[in-house]
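These notes concern the structure reproduced below.
The values are calculated or read from the model by the stated rules, or taken from the named source; none is laboratory data. This one's a predicted model, so the numbers in the text were calculated from it and none came from an experiment. Cβ: placed from backbone, ideal geometry, glycine included. Neighbour counts: every protein chain shown. In case anyone asks, the SASA skips ligands and DNA or RNA and just uses the protein heavy atoms, side chains included. Shrake-Rupley method; radii C 1.70, N 1.55, O 1.52, S 1.80 Å.
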Amino acid sequence: RIQILFESAMLKTSLFCCYIFSLSLLSGIKAVNPGFRFQVTQKGINYARDVLVPIVTDTIKTTKIPDISQRVDTPVGHIHFSLSSIKINSVDISHTSVKLQAPSNVIGAIANARLSMHANWHYREDSWPHISDSGSVDMSASSISVSLNILVDTDSKGQPHVTPKGCNFNIGSLSVKFHGGASWLYNLFSSSIESTIKDQVKKQVCPMVNEEIQSDLNQILATVDLEADIDDNCYIDYSLVQAPFVISDALFVNGKGDLLYQLHVSDSINYTLYTII
């Protein structure tokens, strides 16, 4: 008896799908574009911030900084100075914000961040007797700001997709402390290489952040299921019909809302499903 009731319920569901499909054909209803609308408010955007910040933090921490080499005028004369094995040890991000910007952009901002770095240093005098020395150096950067501009779009299959459109990374101040050798002397002219270190870090971070956003966020978006099963024979297609767009402080997403039966697309459902998160 249970089996009969189950099969009867499944039959009714399939017949309902057929009924909706037939009505759309017989009545000559044309596709409504969109079939549903999804609205993302600031609460939803805050979730995007919670996803974005760890990506940026991890990317900055793992960014590879190339060795730095330059000639410096010091109290001991002209020297050839180099920093090698530069590594970012820690990143501290305390203040973040995310907002929307027309037409389809998400703007992320990080303020008052800090990071610490460690490296090895070496120098050699240009002139005879070419005295050299080496040791380690600790660097601390503060008042760091990061701004990101991310375009929210859709791909050819109607899947949401993001593209980084801008990145700015700035270091407010940098403190350099030498260790080993005659470090007391080199600390006197540390300011002469601070700008070089700042420039190298800035040059490396943004390309890496853009690459990770492009990769990681789109991998997450690719997992979004845009089909909702009604039964074994019917499902609704929620793929996007256009790029999401910003109005005021909300992001609107328009989708098909098409009812599909046995792989044949019916006309769109003739009402809009409106959802707010």
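Details
- Total residues in the stretch 213-234 satisfying the condition of being of a type in the set (A, V, I, L, M, F, W, C) and open to solvent by 50 Å² or more (accessible area, probe 1.4 Å): the figure is 4.
- Where Ile88 falls short, out of the listed (1) at pLDDT 65 or above; (2) within 25 Å of Val241 (Cβ to Cβ): (2)
- Annotation: of all residues in the stretch 93-106 being assigned to a strand (DSSP E or B) and not hydrophobic (A, V, I, L, M, F, W, C), the one that is surrounded by the fewest Cβ atoms within 10 Å (Cβ to Cβ) is His95.
- Lone unmet requirement of (1) surrounded by 14 or more Cβ atoms within 10 Å (Cβ to Cβ); (2) without any contact (Cβ under 8 Å) to a residue 40 or more places away in the chain for Ser90: (1)
- The condition (being among the polar types (S, T, N, Q), open to solvent by 40 Å² or more (accessible area, probe 1.4 Å) and touching a Cys at 6+ places or on another chain (Cβ under 9 Å)) is satisfied by just one residue among Asn170, Asn210: Asn210.
- Filtered residue count, the stretch 150-182, keeping only those that are of a type outside the set (D, E, K, R), farther than 21 Å from Lys203 by Cα and assigned to a strand (DSSP E or B): 8
- Leu188 under 30 Å from Val137 (Cβ atoms), at pLDDT below 85 and of a type in the set (A, V, I, L, M): yes
- Which listed residue, of Asp237, Asp249, is within 31 Å of the chain's Cα centre (by Cα), at pLDDT 85 or above and loosely packed, with under 15 Cβ neighbours inside 10 Å: Asp249
One line per residue, one yes/no per condition, for (1) exposed (fewer than 15 other Cβ atoms within 10 Å of the Cβ); (2) in contact (Cβ under 8 Å) with a residue 12 or more places away in the chain; (3) aliphatic (A, V, I, L, M):
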site: Gly108; (1), (2), (3): no, yes, no
site: Asn112; (1), (2), (3): yes, yes, no
site: Ser136; (1), (2), (3): no, yes, no
site: Met139; (1), (2), (3): no, yes, yes
site: Val146; (1), (2), (3): no, yes, yes
site: Thr154; (1), (2), (3): no, yes, no
site: Gln159; (1), (2), (3): no, yes, no
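- Residue within the stretch 58-81 that is in a loop (DSSP other than H, G, I, E, B), open to solvent by less than 70 Å² (accessible area, probe 1.4 Å), aliphatic (A, V, I, L, M) and in contact (Cβ under 8 Å) with a residue 12 or more places away in the chain present: yes
- When Ser147, Ser136, Ser143, Ser116 are screened for being in a strand (DSSP E or B) and on the phi > 0 side of the Ramachandran plot, only Ser143 passes.
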